[in-house]
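As structure tokens, the structure follows; a few thoughts come after it.
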Amino acid sequence: MLAADPGVSVAGIAAEAGVDRRTVYRRFANREELLAAIYEARLSAIEQALVDARLREAPVAVALHRYVENIIVINRTWPVDLARMLTDGDVRRRRDACLAEVDAFLQRAAEDGLLRRDQPPGWAGSLLPELVHLAAQQLTHLSAGQAADVVVDTYLRGMSPQAT
């Protein structure tokens, strides 16, 4: 609901969840605490997805697929934008650490010859999350693994040194 309408009320969220708004307020003192819990859950899931993908150890293509599949699951489960919480220093630090981990992985992929090096700086890192987001939103008829297949194929065909 928050992805569709960031201004949705606690009463609306409670009704969609099938509980009374008082139930929500017993757990969360206010709407901001509820939002913080949602963003915390998404950010924790992203951090775990990075660990599970083994971006530093696994073969690049395997790690890429794992990462993409994991993030598609997260985007489908927690379809909220972390940008709303980036004013919180801890959230920003954790998000930036995740981005740095992915950037280091993409550098490794380029060094291994999987990604083109003739593109503008940061292009590979900007393109991947956009493809993942599109897959999570538009390929809902596919499992996360199948959607990851599409993303990885599209990404590597466009970013492959052989594509030039």
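The values are calculated or read from the model by the stated rules, or taken from the named source; none is laboratory data. All figures in this text were calculated on a predicted structure; none of them were measured in a lab. Ideal geometry is used to build each Cβ from the backbone, glycine not excepted, and the neighbour counts take in all protein chains shown. Each accessible area value is taken on the protein alone, full model and side chains, heavy atoms only, with ligands, DNA and RNA left out. Shrake-Rupley method; radii C 1.70, N 1.55, O 1.52, S 1.80 Å.
For the chain, what does the helix formula give at 222 nm: sum of -39500 (n - 2.57) over DSSP H segments with n ≥ 4, over the residue count, nearest 500 deg cm²/dmol?
It comes out at -22500 deg cm²/dmol, rounded to the nearest 500.
I need the trypsin sites (Lys or Arg not before Pro) found in the range 66-161, filtered to DSSP loop residues with at most 14 other beta carbons within 10 Å of theirs.
ARG117
What do you reckon, how do THR23, THR87, THR140 stack up by accessible area (1.4 Å probe), largest on top?
THR87, THR140, THR23
Using alpha carbon centroids, what distance separates the range 97-164 and the range 12-46, in Å?
32
Express in Å², to the nearest 10, the accessible area of VAL51 obtained by rolling a 1.4 Å probe over the protein heavy atoms while all chains stay in place.
Solvent-accessible area, nearest 10 Å²: 100 Å².
Around ARG54, with a cut-off of 14 angstrom between Cβ atoms, what is the net charge of the other residues, counting Lys and Arg +1 and Asp and Glu -1?
-2
Please calculate the 1.4 Å probe accessible area of HIS65, with all protein chains present, and give it to the nearest 10 Å².
50
Considering only protein heavy atoms and a probe of 1.4 Å, how much of the accessible area of the range 63-156 is carbon and sulfur, as a whole percent?
54
In cubic angstrom, how much convex hull volume per residue do the alpha carbon atoms of the chain span?
Values: hull volume 20.3 nm³, N = 164.
Cα-based convex hull of the chain, divided per residue, equals 124 Å³.
Of TYR155, TYR67, which has the most accessible area and how do the rest follow, probe 1.4 Å?
Numbers: TYR155 0, TYR67 30 Å².
Heavy-atom accessible area, descending, gives TYR67, TYR155.
Taking a temperature of 4 °C and a viscosity of 1.567 mPa s, what whole-number D in µm²/s does Stokes-Einstein yield for the range 1-67 with Rh from Kirkwood over alpha carbon pairs?
Estimated via Stokes-Einstein, D reaches 92 µm²/s.
Rounded to the nearest whole Å², what accessible area per residue is found for the range 85-138 with the 1.4 Å probe?
Counting only protein heavy atoms, the per-residue value for the range 85-138 is 60 Å².
Counting only C-alpha contacts under 8 Å and six or more residues apart, can you give the relative contact order of the chain as a whole percent?
Dividing the mean separation by the residue count of the chain yields 23 percent.
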